[in-house]
Amino acid sequence: MRSALIFLLALLVAGCATYSGAELLPGSSTAAQVEAVMGPPAEKVSLSTGDTVWFYPNQPYGRVSYAVVLGADGIVRSVEQRLTEKSMQRIVPDSSTMQEVRALLGPPTAVVRYPNRNGDSWEYNMLGGPINDWKILSVRFDQAGLVRDVSYVDDPDSPRLRRRGGFRFSLGF
């Protein structure tokens with residue numbers, strides 16, 4: 001049983017290496033090479049700069065989402081994991097738009113509809129905090145598509161919280 005678990009863990013680690021696009025070289029890898037290494041993207045977002053962001057989310061059970069930025073020439077500009085606290089801090093309530101959040105974080109894990117609050121909330125499963133614990137980022141929009149608030153809480157399904165038998169919120173950045 002233990003050897004089977006170690007084997008499955010090794011497969012998972014090997015799969016993540018390819019999934020991250022670590023083999024891609026900014027400035028020289030092409031869109032065709034991105035698809036050969038990472039497969040078809042879950043979503044493509046066009047930016048006003050002419051670049052396109054291809055998203056490779058490991059959702060809903062994973063907690064990462066890789067973004068490959070391609071120039072108009074089809075050459076990779078960057079490859080990065082976008083579900084980070086650094087990315088989250090770029091979301092500004094009453095200023096950031098739904099389109100900007102989508103271009104920054106990619107497709108959400110879940111969309112929660114709030115008919116009485118006149119808007120939706122996008123949720124993202126993340127890793128965060130000093131010990132990379134399971135977190136949930138929630139970005140709430142108004143009807144016009146403007147960010148109204150951002151919350152960042154412990155995921156109640158976190159193995160750490162299950163072991164402790166408790167649940168606590170940690171709001172804010």
Debye, to nearest 20: dipole size of region 19-120, +1 on Lys, Arg Cβ, -1 on Asp, Glu Cβ: 300
Taking only protein heavy atoms into account and a 1.4 Å probe, give the accessible area per residue of region 18-173 in Å². 53
Once D149 and Q99 are pulled to full extension, the length gained, defined as 0.36 nm per residue separation minus their Cα-Cα distance, is 16.5 nm
Along region 70-79, what does the Karplus equation 6.51 cos²θ - 1.76 cosθ + 1.60 (θ = phi - 60°) give for ³J(HN,Hα), rounded to whole Hz, x for Gly and Pro? 10, x, 4, 7, x, 9, 5, 8, 7, 9
Shape call for region 28-173, from the Cα gyration tensor axes a ≥ b ≥ c (a/c under 1.5 means rounded, otherwise prolate when a/b beats b/c, else oblate), comes out oblate
Heavy atoms of V68: accessible area, 1.4 Å probe, square angstrom to 10: 0
Long-range amide H partners of T109 with built H, under 5 Å: E123, Y124, N125
Among G62, A72, A42, pick out the residue whose Cα is farthest towards the positive end of the charge dipole of region 41-110, where Lys and Arg carry +1 and Asp and Glu carry -1 on C-beta, about the Cα centre. G62
Applying 1/(1 + (r/R0)^6) with R0 = 22 Å to the Cβ-Cβ distance of Y61 and R113, what FRET efficiency is obtained, to the nearest 0.05? 0.50
What whole number of Å gives the distance from the Cα centroid of region 97-148 to the Cα centroid of region 34-62? 18
Once fully extended, how much extra length lies between D73 and Q89, figured as 0.36 nm per residue of separation less the alpha-carbon to alpha-carbon distance? 2.8 nm
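The values are calculated or read from the model by the stated rules, or taken from the named source; none is laboratory data. Bear in mind the structure is a predicted one, so any value in this text is a computation, not a measurement. All Cβ positions, glycine included, derive from the backbone under ideal geometry; neighbour counts span all protein chains shown. Surface areas here come from the heavy atoms of the whole protein model, side chains and all, with no ligands, DNA or RNA. Shrake-Rupley method; radii C 1.70, N 1.55, O 1.52, S 1.80 Å.
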